[in-house]
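Right, one structure below, let's go through it.
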Amino acid sequence: MLISICMCTYQRDHVVDTLKSIAALRLPEHVNIEVIVVDNDEQGYAEKLVKAQAALMNIPVFYRQETAKNIALARNCSMDNTKGEWIAFIDDDEVADPDWLTQLLATAQTYQADAVFGRVKSTYPNNTPQWIIESGVFDRSAVSNGQEVTSGATNSTLVSQTAIQKYQLKFDSNYGLTGGEDADFFYRLYQHGGKLVCSSEAYVSEEVASNRLNIHYLLKRAIRIGETYTRYRIQQTPLANKLTYFSDVLIKLIVLLFIVLIKLPFGQSKYAKPLLQLVDKYGKMKALFTTDIIKLYN
């Protein structure tokens, strides 16, 4: 069995560490891997880094370039260059646990799934504000093994090549500068009848970048996540669905506003998470009325 590991990169030296962690994967005897790295920098920032590390590895690593600044097109480029029966996705700022891929595959086979989402463990640099660590704003929700979901991300993921080909799935370039292209992609797989599950055993580690350790970034990200949710799940639905959705989100926003106000005197570590949830709801409502959306990739 061949598994193709896809990774997109943009001006990030950490891509070398990610490749090193892939080289150290413990795999079942019947499994081989290949790696496709797509550089989304028109100057080809990562080419020398990737090729130098590839020369030290005993697995095939292919460097490709997508010059259009669009993360969705970069992901499509990586998929187009795969030969594997399964496609794995990992980010260029992550380090894979040695059993990451083995656990993803085991979960896929056990639950007969079309896609499996592993965990991402956040770690922090030394200069991290204490309120960020205490608030858990970068922590992901706990999942159980085999838990079914309706969408997911590409940061620790295994998906069936058969399902991709059967439903002719591609990442939507309309999300190329906003992010959320992965959530949209996997939601469409779910709508086609694909089975999407979580793995509690497969994980990668990610050190949060220093430029993200601030409330400005977190608020911007929260709005974008809310906007994206509305875009791929609600915008094409009937008006009645939108009205129900709006009412539900508005009620939650009001409740969260009261929670934030109550927690405000107790410090940022206490109110940060509900504040971001509130802003997420604002983003969800905003996307119902405007096409002016937050861009994370400028």
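For this structure, a couple of remarks:
- Among [x] 44; [y] 60; [z] 37, the entry that matches percent of Cα pairs over 27 Å apart as calculated here: [x]
- Between the amide H of SER156 and those of GLY118, distances stay under 5 Å, these residues lying 5 or more places away or on another chain, with hydrogens modeled in the peptide plane.
- Cross-link partners of LYS20 among aspartates and glutamates (Cα-Cα below 19 Å; sequence separation of 8 or more within a chain): GLU34, ASP39, GLU47, ASP91, ASP92, ASP93, GLU94, ASP97, ASP99, GLU206, GLU207
- For the pair ASP139 and ARG212 in one chain, pulling the backbone fully straight at 0.36 nm per residue adds 24.9 nm over the alpha carbon distance.
- Kirkwood Rh in Å, taken over all unlike Cα pairs in region 1-89: 13.1 Å
- Extension gain, GLU29-GLN130: 0.36 nm per intervening residue step, less the Cα-Cα distance, totals 31.9 nm.
- Averaged over its residues, the chain has an accessible area of 48 Å² per residue, based on protein heavy atoms and a 1.4 Å probe.
- Between the residues LEU239, TYR187, VAL255, the greatest Cα displacement towards the positive end of the dipole of region 158-263, with unit charges on the Cβ of Lys, Arg, Asp and Glu, is found for LEU239.
- Note: relative contact order over the chain, using C-alpha pairs below 8 Å and six or more positions apart, is 19 percent.
- Under the span-like rule (Cα at least 18 Å along the axis, Kyte-Doolittle mean at least 1.6), DSSP H helices of the chain: 239-263
- For the chain, carbon and sulfur atoms together expose 52% of the accessible surface, with a 1.4 angstrom probe and every protein chain in place.
- Total formal charge among the other residues, if their Cβ is under 11 angstrom from that of LEU73, Lys/Arg +1 and Asp/Glu -1: -1
- Length gained when the stretch GLN168-ILE254 is fully extended (0.36 nm per residue, less Cα-Cα span): 26.9 nm
- Net charge over other residues, Cβ less than 13 angstrom from the Cβ of LEU253 (K, R count +1; D, E count -1): +2
- Rounded, prolate or oblate (a/c below 1.5 giving rounded, otherwise prolate when a/b exceeds b/c) for region 102-203 by Cα gyration tensor: oblate
- Measuring nothing but how far apart in sequence close Cα pairs (under 8 Å, 6+ apart) lie, relative to its length, region 1-156 scores a relative contact order of 28 percent.
- Tensor-based shape of region 169-253 (alpha-carbon gyration tensor, a/c under 1.5 rounded, otherwise prolate or oblate): oblate
The values are calculated or read from the model by the stated rules, or taken from the named source; none is laboratory data. This is a predicted model, so every value here is computed, not measured. Note that we place each Cβ from the backbone using ideal geometry, even for glycine, and neighbour counts take in every protein chain shown. The protein model used for the area step is the full one, side chains on, heavy atoms only, and it has no ligands, DNA or RNA in it. Shrake-Rupley method; radii C 1.70, N 1.55, O 1.52, S 1.80 Å.
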